[in-house]
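Contents: one structure, followed by commentary.
The values are calculated or read from the model by the stated rules, or taken from the named source; none is laboratory data. Every value quoted in this text rests on a predicted model; they were computed, and no experiment measured them. Positions of Cβ are generated from backbone atoms using ideal geometry, with glycine treated the same way; all protein chains shown enter the neighbour counts.
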Amino acid sequence: MKIKLIAVDMDGTFLDDNKQYDKERFMAQYAALRDKGIKFVVASGNQYYQLISFFPDIRHDIAFVAENGALVYDRDERLWHGELSRDNYLKVLDTLAAFDGVNFVACGLESAYVREGTPEAFMALMAKHYHRLKPVTNLRDIDDVIFKFSLNLPDAEIPALVNQLHHSLDGIVKPVTSGFGFVDLIIPGAHKASGLQRLLDRWHITAQECVAVGDSGNDVEMLRLVGYPFAMANAASEVKDVARYETTSNNQAGVLRIIDQVLNGEGPFR
């Protein structure tokens, strides 16, 4: 089957542990993908404004499923965004306020927002993922479309928190793990697979003609959607359980290896 699209997660997948990738190698691959009419999609839990910074030369030519599917761009056109109702937004704020010591970011169309006085270490960490990050006095007074929350906490504390949020915010937001201590609260149904499907519908591409690559819990729906799901060697066990194929780790350029296989008709693409 001819491959028509490759969708990749970023942290722990396309990027190595230093948040870098082999740009010279990838740009040569991208030129070959474009010549063959194969779409390249970035599908990440991170902010759109952060994601485009990794692809300055081609950001106007590729698509982005950002914020775990809550924001979708085709080239420079904003195709779709999710939106929490005012009541649901306030319900999430009130629920999170009950958890002592849990810091979080509210993610919106124009910026991400954090409470003034939030610990500097958390601010520095989140600034790596949110290039637009604004401290505000009161998160209840934000004038923006909010579609996601992002939390960061020690890995050992994540299962208990996720379990509690599943119950207290059922039907309002769904907690998903993004790796590296991150938990995102996403609008139910607004995940990477739904964002990718919007692009497939627009381009008249079937899911069976697509490759997707990921490493964390927020990639599971996307991997279930496509015909060629790949897990990184460093992926979580739940990701490896749903992926049909596996590649080398993010520090061994596993995604670029897959792209070479697609271009050369090797591996499962024979």
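Take the residues in the stretch 24-43 that are of a type in the set (Lys, Arg) and outside any helix (DSSP H, G or I); name whichever of them is surrounded by the fewest Cβ atoms within 10 Å (Cβ to Cβ). Per the stated criteria, the residue is Lys36.
Out of all the residues in the stretch 141-158, is one or more polar (S, T, N, Q), assigned by TED's automatic domain parsing to the domain that holds Val65 and under 19 Å from the mean Cα position of the chain (by Cα)? Within the stretch 141-158, not a single residue is polar (S, T, N, Q), assigned by TED's automatic domain parsing to the domain that holds Val65 and under 19 Å from the mean Cα position of the chain (by Cα).
Note on the stretch 196-234: among residues that are touching a residue at least 60 places away in the same chain (Cβ under 8 Å) and of a type in the set (Phe, Trp, Tyr), the one that is surrounded by the most Cβ atoms within 10 Å (Cβ to Cβ) is Tyr228.
Among the residues of the stretch 174-217, which ones are among the basic types (Lys, Arg) and closer than 15 Å to Met10 by Cα? Result: Lys192, single match. Criterion applied to Thr206, Thr177, Thr247 was being within 30 Å of Arg78 (Cα to Cα), more than 18 Å from the chain's Cα centre (by Cα) and among the polar types (S, T, N, Q), and the one residue passing it is Thr206.
Residues to consider are Asp87, Asp94, Asp17, Asp76; find the one that is touching a residue at least 60 places away in the same chain (Cβ under 8 Å) and out of contact with any strand residue (DSSP E or B) (no Cβ under 8 Å at 6 or more places or on another chain).
Asp17
Selection of the stretch 125-167 for residues being small (Gly, Ala, Ser) and either at pLDDT 95 or above or under 22 Å from Ala98 (Cβ atoms) (or both) yields Ser150, Ala156, Ala160.
If the condition is being more than 17 Å from Ala66 (Cα to Cα) and touching a residue at least 60 places away in the same chain (Cβ under 8 Å), then the stretch 144-163 contributes only Leu161. Among the residues of the stretch 57-78, which ones are in a strand (DSSP E or B) and crowded, with 17+ Cβ neighbours inside 10 Å? Residues satisfying the conditions are Ala63, Phe64, Val65, Ala66, Leu71, Val72, Tyr73, Asp74.
Among the residues of the stretch 243-254, those that are under 20 Å from Gln208 (Cα atoms) and either touching a Ser or Thr at 6+ places or on another chain (Cβ under 6 Å) or among the charged types (D, E, K, R) (or both) comprise Arg244, Glu246.
One residue stands out in the stretch 212-270 among those that are out of contact with any His (no Cβ under 7 Å at 6 or more places or on another chain) and acidic (Asp, Glu): the one that is farthest from Ala66 (Cα to Cα), namely Glu266. Arg202 fulfils the conditions (1) modelled with pLDDT under 90; (2) out of contact with any strand residue (DSSP E or B) (no Cβ under 6 Å at 6 or more places or on another chain) except for a single criterion, (1). Checked against (1) assigned to a loop (DSSP other than H, G, I, E, B); (2) exposed (fewer than 13 other Cβ atoms within 10 Å of the Cβ), Tyr21 passes all but condition (2).
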